[in-house]
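The values are calculated or read from the model by the stated rules, or taken from the named source; none is laboratory data. Bear in mind that the values here come from a model prediction, so they are computed numbers and not experimental data. Glycine also receives a Cβ, built like all others from the backbone with ideal geometry; neighbour counts cover every protein chain displayed. Protein only, heavy atoms only, side chains kept; ligands, DNA and RNA dropped before computing areas. Shrake-Rupley method; radii C 1.70, N 1.55, O 1.52, S 1.80 Å.
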Amino acid sequence: MSNSISVGFIGNPNCGKTTLFNAFTGANLKVANWPGVTVEKKEGKTSYEGCDFKLIDLPGIYSLTSYTMEETVSRNCILSDEVDVIVNVVDASSLERNLYLTLQLIELGKPVILALNMMDIVEERGMEIDLHRLPEMLGIPAIPVSARKKSGLSILMHAVAHHADTIKQSPLIHHHDAKEQTSTHVHKHHDEYAMVYDDEIEDKIDMLIDMLQSKWPNLAHPRWHAIKLLENDSEVMEHHKMDFSSIIDHSYEKEIINQKYDFIDEIISETLVNKASKAARTDRIDRLLTHKYFGLPIFLGIMAFVFFLTFAVGDWLKGYFEIGLENFSALVTHALTAVHTNEMLISLIVDGIISGVGGILTFLPNIFILFLALAFLEDSGYMSRVAFVMDDIMNRLGLSGRAFIPLLLGFGCSVPAIMASRALEHRKDRLKTILITPFMSCSAKLPIYVLFSDMFFAKHAMLVCYSMYLIGIVVGILCAFILSKFDGSKSDHALLIELPEYKSPNAHTIAIYVWEKVKDYLSKAGTVIFIASVIMWVILNFGPAGYVTDISQSFGSYIGKLIVPVFAPLGLGYWQIVVALIAGIAAKEVVVSSCSVLFGIGSVTTTAGMTVLASTLNGMGFCTANAYSLMVFCLLYIPCTATIATIHRETGKRSTTTLFVAFQFGVAWIVSFLAYHIALLF
């Protein structure tokens, strides 16, 4: 047994693979990108009985036939020497759908351990799995685990450690006496392989293996390569160019798939007991949540409740943060004054850094509540239903149903949402999804909504904030529809998505998810927003004459006044607002911190600060219509620099990125113009 084993965690989407991976690694986890591609790579470490394990969390796939970038990455990693042992995580409550990938993995000839996750759901549904018969039929260890309850983890690592060097499968007991007696095949493959095909295909596999090994004697996984050649797998055929026409007269993919599922049916009939003894709770709930007519209104209602919590609970907690910020700011001012610090330095620290960064931190409770609610919905299995409900609408509007998944992720952050567009098979779908994803209300825009809706819309603040999220979805989908008319594309690709069992959200998984989001928010406050606050202070306190106390003589005022005519038709013809919007390109939260500096308010997010800011803006003629226009513009205009960089990385062209940014600015201008003038009517 090796002292260090590399383990690849692979399975269908929503099988609990990542939850199991997190249960082993906890915080000891590294996130990067796969070499050469921008698909996220997660690695972690654990140990068991003196043996170290390097764990790799692979993207979820349904088979080793690769169409999307994620599927290609998972397949290439599994085939490489990077993985010593494969842990195939399956949803034990949906064994039939998961075993197709299992059979393909076994054919690779690498050590495979079957991790039967969600066994608690199997028991809830009144079913049982014969854990003695299943390994007999597959020839690999089958370990029951529960990622949510962290049970079975030690025995799983024990199996990995003791089967790391086991290439040959365990003795197979198929009870295939009838098949073996009628078989004319030269080898007794029923004693050698879990998945055995009919004589015609097995004969062709043997001939292909001989041909491959004659030219590539050191070829790893020859049986798997032979099967892929029979399926006309383009990648395998490209790397192994030979004349196979004497053996392969057509694609055998359909026959191979059908025979695999025949064997899966056999496995299920012999290993799954009491399958239909109890109606699935999931099916009953789905009759309502995925209903043709009620599904969408229910989703909108759930999201409305999420935003109610974000405001009701978040604002209550936010008040304590504001008190703390006021006291801290006063304390720092008093301390600096006591040691006779230069007035300009006091202004930089208190009015620039503390006001800018601290003001953003007061919105942390709202951000926390929002992500906590989204984590509950995701881990319960509901978010997959939303994509399913939206599939028909998305197809009618010229987008793949899969595109709604990146759009949902956009509610958190546009960067991973844009990266998730790689799951789309067609380039046109990917580009349209990348283009409209920044229209979704990411968490960075929430502080802007909270500040201006609280100041100008009082009791209706929550509804106004919620409308931003709806406008983002409507504008995004409408843009995709219009673009599909120009490029002539119409998505006719059905959405293939696993609808996981409903389950109680796992506290550990939710904690990791929320902490990662909060940590990103805090790190942004400590870097981007810190730097932006300092830069904003500099351009507002220095002008052609040097240091100025009147910001109307600063560089910022000159820049803002130069651009004001572009924004005047939107009700945003104020140089302070224009400068705040420019600063917001660094990070959307900076719009709030910039307002604090621009209007000379020490703590703009406190009740007193908001009162002063609202009064100042009202005195300038800035009213509710202007505030709504501003929020709409912040929702839709140029995304943050991190998102722009991600768009460039995903599209690969500077010209495409520039075009996308210009398009987003144009859409923001038009929609804000309409919002402002419609709001004036009321």
Protection proxy ranking, peptides 406-412, 586-592, average beta carbon neighbours within 10 Å, highest first: 586-592, 406-412
Accessible area of the chain belonging to carbon and sulfur atoms, whole % at 1.4 Å probe: 62
Mean separation of Cα contacts under 8 Å, 6 or more apart, over the residue count of the chain: relative contact order %: 11
Degrees, to the nearest 10: 461-487 long Cα axis against longest axis of the chain: 60
Solvent accessible area, Å² - H250, 1.4 Å probe, full protein context: 80
Pairs from K292/K432; K54/K517; K215/K428; K260/K292; K17/K260; K45/K519 whose Cα-Cα separation, in the structure shown, is over 31 Å: K215/K428; K260/K292
Bridge type composition, the chain - antiparallel percent by DSSP, nearest 5: 45
Whichever aspartates and glutamates have a C-alpha closer than 13 Å to that of K150, once near sequence neighbours (fewer than 8 apart) are set aside: D120
Ordering of 620-633, 49-62 by packing [mean C-beta count within 10 Å, highest first]: 620-633, 49-62
Packing rank of 332-344, 542-554, 461-473, where each peptide gets the mean count of other beta carbons within 10 Å, highest leading: 461-473, 542-554, 332-344
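Show that you can apply the helix-only estimate: for the chain, add -39,500 (n - 2.57) for every DSSP H stretch of four or more residues, divide by all residues, and state [θ] at 222 nm to the nearest 500.
On the way: 31 runs with 398 residues, N = 682.
That calculation yields -18500 deg cm²/dmol at 222 nm.
Please work out the average accessible area per residue across the chain, using the 1.4 Å probe convention, and give it in Å².
That works out to 43 Å² per residue.
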